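Please treat every number below as a calculation from the coordinates, not as lab data. Bear in mind that the values here come from a model prediction, so they are computed numbers and not experimental data. Glycine also receives a Cβ, built like all others from the backbone with ideal geometry; neighbour counts cover every protein chain displayed.
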Amino acid sequence: MIKKILEFLLIDNVLKKDVAFLKKITLFEGLSDRSLAKVSLIVFKKIYLAGEKIYETGAHANIIYIIKSGKVKLISQNFNKIIEHGNFFGELSLIANCRYNCNAIALKESELYFIYRTKFEDMVESNNKIGFAVMKNLAFMLAKNITISNCNKVHMK
């Protein structure tokens with residue numbers, strides 16, 4: 001019984017930390033803690049080592065990445081940008097069937113949170129308020145051209 005209580009408290013603590021982190025991400029602006037907790041349930045986490053490739057130009061874009069810690073370099077023929085903690089990239093993968101237009105490489109050990117488009121779509125089907133808020137934030141960023149990866153020249157399928 002005590003073991004189960006401790007496991008619950010640990011999971012609860014991790015969830016609270018994930019919600020606190022996601023609350024700082026522009027894409028999730030305006031979402032309640034309860035909604036952010038639902039988002040955190042579809043988030044996957046991975047640590048990339050320095051120099052490790054996250055994805056390559058032309059790879060099917062079906063994941064948005066959020067940098068929890070570290071640095072990532074996005075590189076293409078026309079684009080070279082370093083992004084850090086609290087930023088995200090691959091955001092158009094949430095709404096478009098496209099391919100990444102750049103390489104993404106971890107510059108130093110980096111913990112990334114990522115969300116698969118299919119998981120996001122499933123969540124939106126059960127809670128369209130979350131989907132509407134995220135899409136509204138994404139549309140605003142695209143309209144203002146302030147997305148991090150500036151993935152405006154995607155290769156549509």
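If only Cα atoms are counted, what is the Rg of the range 13-126, and what is its Dmax, in Å?
Every Cα atom of the range 13-126 included, Rg and Dmax give 13.9, 43 Å.
What are the ³J(HN,Hα) values, in whole Hz, obtained from phi via the Karplus relation 6.51 cos²θ - 1.76 cosθ + 1.60 with θ = phi - 60°, for each residue of the range 112-128 in sequence order, with x given for Gly and Pro?
3J(HN,Hα) across the range 112-128, in whole Hz: 10, 9, 9, 10, 6, 4, 4, 5, 4, 4, 4, 5, 5, 4, 8, 8, 5.
In whole angstrom, how far apart do the alpha carbon centroids of the range 101-132 and the range 39-79 sit?
Between the Cα centre of the range 101-132 and that of the range 39-79, the gap is 10 Å.
Hand me the trypsin sites (Lys or Arg not before Pro) from the range 17-65 located in a DSSP loop with no more than 16 other Cβ atoms within 10 Å, in residue order please.
24
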